[in-house]
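Below is one structure, written out as structure tokens; comments come after it.
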Amino acid sequence: MKGKSNGGNRQDTQPALQSILDHWTRTDPDDRLAHLVRDVARGLKRSLQLRLSEHGVQFGHWAFLRVLSLPDGLSQRELSDHTGLTESTTHTALNRMEGLGLIRRSHVAGNRRRMHVFLTGTGSALEHKLVPLAVEVNDIAVRGLHADQVELLRSALLTALANLVEDEQEAGREGRRITSTRDQGKAG
């Protein structure tokens, strides 16, 4: 199926990413760094989505397959924390993944309260097919950069992330928090 249009999907992605690139190279090359990072993340996501769809995998499921490939047997809350998704989103995705036979949920000895999530043989086999796709996307993203440039980029992004973690921790100490969508609806 490579090279063929996937319901118009492949053709639709090119103009969107080209428009983003044009913004940075022609329209507003000095736009804020946060926007550039978001746009690069969007490009990485779209590139991986193209590859995952060729295997019938939703991008949202990939995050869980990837996380479960490291420490299998996490709880739903731990999966939410690791993927940065809400517990309700995680619950919905896990229900779908369980229906597809990619995961199974069970109690771990000594803890009858929390359900833990494990990859099935099918999920594990699929995960092994998909990791090379993610590696391919990363390789494409850094094509043309020297190893020292990639290391500098990684170091700079990690520093930015550490600064943002510190900012969030400071906000927590001051009692500031992100308002939930539910709470925002009550305010209006």
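Gain on full extension, evaluated as 0.36 nm per residue between Asn138 and Gln76 minus their Cα-Cα distance, stands at 19.5 nm.
Give me the extension gain from Thr159 to Ser53: residue separation times 0.36 nm, minus the current Cα-Cα distance, reported in nm with one decimal. Spell out each step's value before the answer.
On the way: separation 106, 0.36 × 106 = 38.16 nm, distance 3.32 nm.
Net length gain for the segment: 34.8 nm.
Treating r as the C-beta distance of Val150 and Arg112 and R0 as 41 Å, the FRET efficiency rounds to 0.30. Inter-label distance, His128 to Ser180: 4.1 nm, where each label sits 7 Å from its Cα along the C-beta direction. Candidates Leu44, Leu153, Gln76 compared by Cα position along the dipole of the chain: farthest toward the positive end lies Gln76, with charges placed on Cβ.
For the chain, the dipole from Cβ point charges (+1 on Lys and Arg, -1 on Asp and Glu) about the Cα centre works out to 900 debye, to the nearest 20. Toward the positive end of the charge dipole of segment 36-153, with +1 on the Cβ of Lys and Arg and -1 on the Cβ of Asp and Glu, the farthest Cα among Thr92, Phe64, Thr120 is that of Thr92.
When all alpha-carbon pairs of segment 51-90 are counted, what percent fall beyond 16 Å?
Values: 257 of 780 pairs.
So the pairs more than 16 Å apart make up 33 percent of the total in segment 51-90.
How large, in percent, is the carbon and sulfur part of the accessible surface of segment 33-159 at a probe radius of 1.4 Å?
Working: 4380 of 7700 Å².
Its accessible area is 57 percent carbon and sulfur atoms.
With 5 Å bins beginning at zero, the pair-distance distribution over Cα atoms of the chain amounts to 1, 6, 11, 14, 16, 16, 16, 12, 6, 2, 1, 0 %. Residues whose amide H falls under 5 Å from that of Leu74, counting only those 5 or more places apart or on a different chain, are Val117, with hydrogens built in the peptide plane.
What does the accessible area per residue of segment 89-179 come to in Å², with a 1.4 Å probe and no ligands, DNA or RNA counted?
Values: 6600 Å² over 91 residues.
Accessible area per residue: 72 Å².
Of the chain, which part is the longest with no trypsin sites (Lys or Arg not before Pro) in a loop (DSSP not H, G, I, E, B) and with at most 11 other C-beta atoms within 10 angstrom? Before the final figure, lay out the partial values.
Values: sites that count: Lys2, Lys4, Arg32, Arg143, Arg176, Arg177.
Segment 33-142 is the longest.
The values are calculated or read from the model by the stated rules, or taken from the named source; none is laboratory data. Everything numeric in this text was worked out from a predicted model, so none of it was measured. No Cβ is skipped: glycine too gets one built from the backbone with ideal geometry, and neighbour counts run over all protein chains shown. Remember, those area values only see protein heavy atoms, side chains included, never the ligands or the DNA or RNA. Shrake-Rupley method; radii C 1.70, N 1.55, O 1.52, S 1.80 Å.
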